[in-house]
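FYI, it's all coordinate maths here, none of it is from the lab. Treat the numbers as computed from the prediction; the structure is a model and nothing was measured. No Cβ is skipped: glycine too gets one built from the backbone with ideal geometry, and neighbour counts run over all protein chains shown.
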Amino acid sequence: MFLSGETSEGGENSVAVALGLLGDEWNLLIIRLAFLGARRYKDWHDQLGIANSVLSSRLNGLIDAGIFVRVPYQKRPLRYEYRLTECGKDLWQVLLTIWDWESQWVSDRPVPLPPMVHLECGNEASPILKCGKCMKPASVKDVRGAFGPSGSFERSVPRATTRRRSVTPDNGGIGLYSETIAMIGNRWSATALALVFFGASRFTDFLQLMTAPPLIVADRLKTFCDIGVLQRTTPAKGSSRREYRLSPKGNALFPLVITLIYWGDQWFRSPEGPALIFTHMECKSDLIPTLYCSVCDHELTRKQVGVGGFVL
């Protein structure tokens, strides 16, 4: 297995690296457009309306992370294209789970999402998460997670800072989806979402594990509740203490979370070993998250999935 990024013993683990890279709205937008055919600096600049300094910074960071490689396409003057590496292309499952969640749970988009077509069977379909070993469903209730050799809450929080900025999807549908941006387009949001699936439920849990200022923690939890991903509950009658539990809409995010964490572990594993170990309770094996076609029930592959006229 080729490891794209470098992680040091005792430092950030693969979860932190994955959340740090994808917990940045510009990175998400840039990667998504790359799957839709963007190759040159001008492609991103014109379609995103992004400042030159920000675009240059993000492209350089994605090159350093091994997600893009810069390839010259013109000698005089020297100009480059930015192409996805195998590490970058391997994000197709993450992007497909984002598309599926938004198409199923977000109804107020200004522009409808294009359908996903499984080219093998020729049908419009949705991706279904299953265990790659026994080929049985792998929903949140079917999987158990535990920290691996490099796993801990402290090592799973990204150290890099990202600025929070409000994004409104453009009328052409190019922008990454607003609710997804609200949840994972910032490192604190991405971390908070992951912690929900790790079992955090009380405000003090998030405050302690995120190591973020209380106002940021409160803002992220409020946003998740406003979107409908979390529900506030009172664990005991007459208690003033509130807990935050995943709603059905929140549970539906499990394929996104599991494919993102799995991608990080495949490409940025720490020297000590995996950060998280997921067990599929049906077959008692380590989970290999695999997407299947909802129509023909065949395993999906990147080159057999088309969205909006583009083959991933």
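For the reader, a short list of remarks on this structure follows.
- Sites Ala218 and Glu86 - FRET efficiency at Förster radius 45 Å, r taken between beta-carbons, to 0.05: 0.65
- Cβ crowding within 10 Å ranks Asp108, Asp24, Asp90 as Asp108, Asp90, Asp24, fewest other Cβ atoms first.
- Relative contact order, percent, region 255-302 [alpha-carbon distance under 8 Å, six or more residues apart]: 23 percent
- Note on the chain: GNM, Cα springs under 10 Å; of Arg241, Arg232, Arg40, the largest mean-square fluctuation is that of Arg241.
- Pairs of Cα atoms nearer than 8 Å and 6+ residues apart set the relative contact order; for region 186-312 it is 14 percent.
- Check: the chain dipole with +1 on Lys, Arg Cβ and -1 on Asp, Glu Cβ, in debye: 480 debye
- Taking the charge dipole of the chain about its Cα centre, with +1 at Lys and Arg Cβ atoms and -1 at Asp and Glu Cβ atoms, the residue from Asn60, Ser14, Leu312 reaching farthest to the positive side is Asn60.
- Where labels lie 7 Å past Cα in the beta-carbon direction, separation of Leu119 and Gln208 in nm: 5.0 nm
- Extended-chain gain in nm, criterion 0.36 nm per residue less alpha-carbon gap, Lys75 and Cys134: 16.1 nm
- Nitroxide proxy distance, nm - points 7 Å out along Cα→Cβ at Arg40 and Cys283: 4.6 nm
- Taking all Cα pairs closer than 8 Å and separated by 6 or more residues, the relative contact order of the chain comes to 31 percent.
- Partners for Lys133 among lysines (Cα-Cα distance below 26 Å; same-chain residues under 8 apart left out): Lys89, Lys141, Lys284, Lys303
- The packing ranking of peptides 133-144, 244-255, highest mean first, is 244-255, 133-144, where packing means the average number of other beta carbon atoms within 10 angstrom of each residue.
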